[in-house]
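The values are calculated or read from the model by the stated rules, or taken from the named source; none is laboratory data. Values in this document were obtained by computation on a predicted structure and should not be read as measured data. Here the Cβ is made from the backbone with ideal geometry for all residues, glycine too, and neighbour counts use every protein chain on show. Note: accessible area is taken over every heavy atom of the protein model, side chains too, but ligands, DNA and RNA are not part of it. Shrake-Rupley method; radii C 1.70, N 1.55, O 1.52, S 1.80 Å.
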Amino acid sequence: MAKFNYSKRVPADGTDAVGAILKAAADPSIISFAGGLPAPELFPVEAMKKATDAAYDEHGREVMQYGAARGVKEMRELVLQIVKDHENVVANDENVVVTNGSEQVLELAAKALVNEVDTVLVEDPTYLCAVDAFKSYGANLVGVPTDEDGLIPSELEKTLQAHPEAKFLYVIPTFQNPTGRTMPAERRQQVAELAAKYNLLVFEDNPYGDIRFEGEHVDAIKSYDKSGNVVYMGTFSKILSPGFRLGYLVADPEFVQKFTLLKQTADLGTNNLVQWATVKFYEQNNVDEHVKKISDLYGQRKALMEAGMKKYFPAGVTYTHPEGGMFLWVTVPGVDDTTELFKQCLEEKVAFVPGEPFYAGQPEPGHLRLNYSNMAEDQIDEGLKRLGKALANAIK
């Protein structure tokens, strides 16, 4: 039998938190609040077919040829318009790279910046795939404390003083994954100022920002960036199609140049057809109306979920109240291991994401993430009834 001599980047214990989540989500007998999947019934299939036909009709040879590693020029122009209109970020063509989803930014950023045992700062808790990506390159992850308003700037400064060697900070300021929290404008400005003061590179990830169903919009950290220390990451996965694997970054030209060199070695360039079809989709459709439909549906499902938790969850269980995005964060007192609780809940035919994988270091006990975007309304109440039963048994 073959023996494979894997690198340190492959988890030695075989842990696959994402795989377990997707497996649970795929089981039709399980009501899953686990995966971070958009609602498929809102995918604009017919409109995208029309846009794809236009891409072939008008740019067929360009669609099928190798393309620029930084992306199709018209796609880069669309990105510049989006970040200006939606996030008050003014940039130029030299600041943009089109990527295979924002996941590729995480991977190549780690590849570009992280040597073995280098310090990387993250919110505690933070996106579990970012934790995996950074650790795979040997990063020493240090968590920055958060509260109901997200990352705490004063704590960030303390952490920077304790770790002046930190390579970068990764942060999700809007409808954060996993908590659903949103950082206020004042804190965003402070983070940008600290980045300049300490010459800290900040990766600002904004996959969910357009999906707002309550409250007022808050501009990106990047909009306060006067030093070029903030790298803004965006994606079309949550508003068009996760299957397209289409994302982008907006950054200082020097970082763009280095990042592009690494991207060329990874894939030569992002799929031309997907880029052109997206450009045509924006030309042919009112995308703001499309996103409003998504936001309205997710807002309804979040409200149903909060009603179900209030109805079925044991006393003492608390949860966040996001104004948008796809997730909320539940705290269950008296439960130390939510991974074990996950196994117990599968017996009740309901799934969530355990809280432990979201932490840089020692996890805080008793947390779990619930997704409301991908579950039909008639299943939400029943799923929360099952989950409430499992929680009650676990707390006893």
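Would you be able to say whether some residue in region 374-381 is of a type in the set (A, V, I, L, M) and either closer than 27 Å to ALA133 by Cβ or part of a loop (DSSP other than H, G, I, E, B) (or both)? There is at least one residue in region 374-381 that is of a type in the set (A, V, I, L, M) and either closer than 27 Å to ALA133 by Cβ or part of a loop (DSSP other than H, G, I, E, B) (or both). In the set TYR312, TYR298, TYR282, only one residue is under 22 Å from the mean Cα position of the chain (by Cα), surrounded by 15 or more Cβ atoms within 10 Å (Cβ to Cβ) and aromatic (Phe, Trp, Tyr); that residue is TYR298.
Close contacts from region 69-94, counting a first residue that is over 14 Å from ASP252 (Cβ atoms) and open to solvent by 60 Å² or more (accessible area, probe 1.4 Å) and a second that is not in a loop (DSSP other than H, G, I, E, B) and not basic (Lys, Arg), with Cβ to Cβ under 8 Å and a gap of 6+ residues or different chains, come to LYS73/ASP93; GLU74/GLN275; GLU74/TRP276; GLU74/VAL279; GLU77/ASP93; ASN88/SER223.
Filter region 145-166 down to residues that are assigned to a strand (DSSP E or B) and not β-branched (Val, Ile, Thr) and give me whichever is surrounded by the fewest Cβ atoms within 10 Å (Cβ to Cβ). Here the residue is ASP147.
Scanning region 226-273 for residues that are open to solvent by less than 20 Å² (accessible area, probe 1.4 Å) and assigned to a helix (DSSP H, G or I) gives VAL256, PHE259, THR260, LYS263, ASN272. Selection of region 1-40 for residues being out of contact with any Ser or Thr (no Cβ under 9 Å at 6 or more places or on another chain), at pLDDT 70 or above and open to solvent by 90 Å² or more (accessible area, probe 1.4 Å) yields MET1, LYS3, PHE4, ASN5, TYR6, PRO28. Annotation note: Cβ proximity below 7 Å between a residue of region 26-43 that is in contact (Cβ under 8 Å) with a residue 60 or more places away in the chain and more than 19 Å from PHE342 (Cα to Cα) and a residue that is open to solvent by 10 Å² or more (accessible area, probe 1.4 Å) and of a type in the set (Ser, Thr, Tyr) (sequence gap 6+ or interchain) occurs for PHE43/SER241. Filtering region 347-373 to residues that are assigned to a helix (DSSP H, G or I), open to solvent by 10 Å² or more (accessible area, probe 1.4 Å) and either in contact with a Pro (Cβ under 6 Å, 6 or more places away or on another chain) or farther than 19 Å from GLY325 by Cβ (or both) leaves GLU347, GLU356.
Please verify whether region 53-68 includes one or more residues that are open to solvent by 30 Å² or more (accessible area, probe 1.4 Å) and on the phi > 0 side of the Ramachandran plot. No, region 53-68 contains no residue that is open to solvent by 30 Å² or more (accessible area, probe 1.4 Å) and on the phi > 0 side of the Ramachandran plot. For region 205-225, a residue qualifies if it is closer than 25 Å to MET48 by Cβ and surrounded by fewer than 21 Cβ atoms within 10 Å (Cβ to Cβ), and exactly one does: PHE213.
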